[in-house]
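Please treat every number below as a calculation from the coordinates, not as lab data. Only a predicted model underlies this, so the values are computations on that prediction, with no experimental measurement involved. Every residue, glycine as well, gets a Cβ built from its backbone with ideal geometry; the counts of neighbours run over all protein chains shown.
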Amino acid sequence: MEPAWSGFPGAAIKYDRAGLSRFTKRAPAIDTDTDLAAAGGLLTVDLDAVAENYGTLRAEASGAEVAAVVKANAYGLGMGPVARRLADEGCGTFFVADANEGAALRALLPQVDIYVLNGLFPGAAGFYAGHGLAPCLASLAEVAEWRAAAGDGRLPAALHFDTGMNRLGMNEDDAAALAAEGALTEGIEVRLVMSHLACSDEAGNPMNARQLARFKALREGLATRFPEARASLANSGGIYLGKDYHFDLVRPGVSLYGGSPFTGRANPFRPAVTVEARVLAVREAGPGETAGYGGTWAAGHPARLAVLAAGYADGYMRALSARRTPGDNGGYENGGQVRIAGYTAPVAGRVSMDMLIVDVSGLPEGAVKRGDMAELIGPHITVDDVGLKAGTLGYEILTSLGNRYMRVYLSGGGRV
Ligand SMILES: *Cc1c(COP(=O)(O)O)cnc(C)c1O
């Protein structure tokens with residue numbers, strides 16, 4: 001099976017170029033011995049689901065290349081196993097957030113194109129070039145640094161334009177300068193002209209069409225100077241805004257991992273992550289007794305509680321806590337829910353660092369036993385529901401998944 005740190009495998013990156021850095025980086029050597037019976041939490045990543053979601057996106061964006069966004073350790077799933085599987089499925093272009101992520105990916109996949117979304121950092125050009133990374137250049141200053149690094153050679157890059165999000169990217173004046181002045185990009189192989197949508201999760205938001213129009217104009221203005229450059233605008237949500245948004249290459253992230261890229265519409269993607277926590281104890285609480293820190297939950301009638309081995313240190317957010325007073329008839333709407341022994345049960349009281357308590361009073365006696373596993377996220381409890389209940393979204397739940405879980409990767413129906 002994959003060790004837990006396989007996201008950054010063999011991460012012995014020795015780098016000594018242009019005096020920028022001299023150190024050997026090595027991922028911590030944990031996971032030398034783990035045992036399912038000894039695991040409090042289990043995180044299962046279904047690589048077949050990731051592959052199927054990649055296929056769904058390819059069909060939806062047919063005609064465009066489907067790249068994969070694997071930043072933040074592939075949204076928490078583990079960049080190594082995920083990127084390798086996607087490459088096996090034919091994915092040849094990857095996006096990461098920074099160059100250290102890019103270097104880890106490069107060590108795994110020597111052949112693919114890797115773009116760095118956060119652009120070029122001052123003084124880091126040698127590192128990018130040394131690992132074959134293409135920055136998404138977001139200012140004329142970055143363009144100038146990359147050009148200087150190219151020297152007499154050629155270095156690949158994307159040109160990133162802002163079309164309304166006001167996050168990263170150059171503006172129309174910068175585009176005009178680049179179009180007019182070839183010397184600015186001498187030595188840079190501009191492979192991609194890109195922008196990013198701010199509201200792609202809402203199909204009806206007028207921002208989408210405004211950004212599309214600005215992007216088209218930018219692209220036309222740059223076409224003569226960079227005839228070879230391809231265009232890219234859509235993330236997961238953008239792909240579902242229609243063909244106009246696809247251009248040459250699309251950049252999905254969350255949908256690959258089974259998260260929903262939209263609001264108010266059924267999610268066509270297969271969940272790729274299951275998180276389970278072990279039942280440490282089952283206990284009875286009499287009427288009026290409280291449970292957990294702060295005593296914010298109280299039993300209204302004799303209650304049965306199951307204590308699970310996961311908490312906010314594992315990314316099961318404290319915002320999923322649920323208060324209850326003895327008078328409440330429920331009072332669980334805002335707390336988390338888990339799937340346990342075939343039933344859905346609500347969180348009781350505050351989520352603590354390493355444990356959470358669930359109210360299993362509604363389950364048949366004996367249905368839940370010490371040692372059982374309860375589903376926190378998975379086929380019954382979607383990552384998007386957990387996000388909603390925690391006052392956030394599925395993206396943050398995935399990227400917050402902790403390191404303590406025993407990780408299992410499934411492929412071809414079996415464990416890898
Ligand atoms: C994160 C990111 C993506 C992927 O977005 P999803 O909504 O996860 O599909 C694409 N492009 C850029 C610029 C990003 O930052």
Discussion item. Between helix 47-60 and the chain, what is the angle of the helix's C-alpha long axis to the longest principal axis, kept within 0 to 90° and rounded to the nearest 10?
Written reply: 50
Fill in: the range 172-301: projected area of the alpha-carbon convex hull, averaged over directions, in nm²
14.5
Fill in: Among 166-178, 109-121, the order from most to least packed when residues are scored by Cβ within 10 Å on average
109-121, 166-178
Worksheet item: Can you give the translational diffusion coefficient of the chain in µm²/s, computed by Stokes-Einstein from the Kirkwood radius over Cα pairs at 4 °C and 1.567 mPa s?
Response: 56
Fill in: Angle between the chain longest axis and helix 206-222 axis [Cα atoms, degrees, rounded to 10]
30
Practice prompt. Taking each pair of different alpha-carbon atoms in the range 236-312 once, compute 1/r for the pair, average those values, and report the inverse of that mean as the Kirkwood hydrodynamic radius in Å to one decimal.
Written response: 16.7
Worksheet entry | Three semi-axes of the equivalent ellipsoid, the range 58-202, Cα gyration tensor, whole Å, largest first | 25, 19, 14
Worksheet, complete the sentence: If one compares the long axis through the Cα atoms of helix 79-88 with the longest principal axis of the Cα atoms of the chain, the angle in degrees, nearest 10, works out at 60
Item to complete: Report the residue, chosen from L108, L192, L280, that carries the largest GNM mean-square fluctuation when the chain is represented by alpha-carbon nodes joined by springs under 10 Å.
Response: L280
